[in-house]
Amino acid sequence: MTKITVLLALLITGTWMNDLSQAKADTAASGIAADSSTGNASARPGKQIRRIDLGRYTLTYHLLDLSERGEMMKVMGHHSVIGMSKSPDVTNHLMVYIQKPDGTPALGEAVYHVTGPDGKDFKTMTMGMYGGYGADIIMKLKGEYTVRTKIIIEGAGAVKLDDEFTFQVK
C-alpha cells in the first residue's frame, strides 16, 4: 500500500512539474518574461501601483484586471496553478516583481495578506510567473485595502522581506 501511495505521489508531482515547466516555457516564448540582463520586463501587464526599495531589493507591484489576467492564462495554456483562483469573486491579479541590487530578478516565494475596507482578511500564496510572483485577489468593495507581502528570497542566507501598503479602490 505504501509503495502505491509513493508511486501515485511521484506520478502526480511529475505531472505537475511537467505542467509547470510547460507554463514557464510558454511564458518565456510569449515575450512577457524578464530580461535577464536588466531584470526589467519587456511587457509587464497591469498598472504599476507601488515601487519601493527594501534593504537592497526593489519591489514593484502591478495590479491586473481580469482581461489582463486572461491574457496571462492564455500564455500559460490555461493551467490552473497556485495563486490562480476559479472563484467568481476574483476581481484582480496582483503581481510583485523583486529585483536584486544588480537589477536581475530575485528567486523566492511570496505570500499576500489582504484586508478589505470591511475588515475581512484573506491570504494567498503566489506563483512565480513573468519574472515576478502573482496571485488572484478580491477587491469587490470600494474603499481602502491593506496589502501585506511576506517574501523569502532563496539562496545562501535566505533574506526575508515584509512590505505593507494601502490601495484605494474607487
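See the values below:
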read-out	value
³J(HN,Hα), Karplus 6.51/-1.76/1.60, whole Hz, each residue of segment 136-141, x for Gly, Pro	6, 9, 10, 10, 6, 8
Amide H within-cut-off set for Met139, under 5 Å, with H built and near neighbours excluded	Thr91, Asn92
Integer Hz, Karplus 6.51/-1.76/1.60 couplings in order for segment 144-153, x for Gly and Pro	9, 10, 9, 10, 10, 10, 10, 10, 10, 8
Those aspartates and glutamates that a straight Cα-Cα span of less than 13 Å connects to Lys47, excepting residues fewer than 8 apart in one chain	Asp65, Glu68
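Here, each number is a calculation from the coordinates, and none is a lab measurement. Not measured: the values here are computed from a predicted model.
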